[in-house]
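**Q** I'd like to ask you about the structure that follows.
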Amino acid sequence: MIHLTRLNNHPLVVNSDLIKFVEQAPDTVITLVSGEKIVVRESAEEVLDLVVQFRRSVLQGFILWSDNAAALAPIVGGNGEGKGEGNGEGNRHAAGEE
């Protein structure tokens, strides 16, 4: 999400994933994938910089998360059969089988 300003000075937050293209003629017009057009005070270059900055912050968070992923315990243990955790013996004991 990027913070922008409408021509009437009202703040606006836009989902940058929904931006189709940005035009500068002379006002900055943002066209969303839905076809909706938004006119903002920021220049096309400023909008682009904000989108890049936002995406960098998202990717940086992903990189930090993935660096720590090795420290996480495995979610799925298994018996090699892909049927869940453990070796399957707990189910037989619970059913009274030996």
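**Q** So which residues in the stretch 31-46 are assigned to a strand (DSSP E or B) and in contact with a helix residue (DSSP H, G or I) (Cβ under 6 Å, 6 or more places away or on another chain), if there are any at all?
**A** Hit for the stretch 31-46 is Leu32, nothing else.
**Q** I'm trying to understand the selection: among the residues of the stretch 46-64, which are of a type in the set (Phe, Trp, Tyr) and modelled with pLDDT of 85 or more?
**A** Within the stretch 46-64, Phe54 is the sole residue that qualifies.
**Q** Then there's this: Which condition number in (1) at positive phi; (2) modelled with pLDDT under 65 is the one that Asn9 fails?
**A** All conditions pass for Asn9, except number (2).
**Q** Name the residue, out of Leu50, Leu4, that is touching a residue at least 40 places away in the same chain (Cβ under 8 Å) and outside any helix (DSSP H, G or I).
**A** Exactly one of Leu50, Leu4 is touching a residue at least 40 places away in the same chain (Cβ under 8 Å) and outside any helix (DSSP H, G or I), namely Leu4.
The values are calculated or read from the model by the stated rules, or taken from the named source; none is laboratory data. All values derive from a computational prediction rather than experimental measurement. Cβ atoms come from the backbone with ideal geometry, glycine included; neighbour counts cover every protein chain shown.
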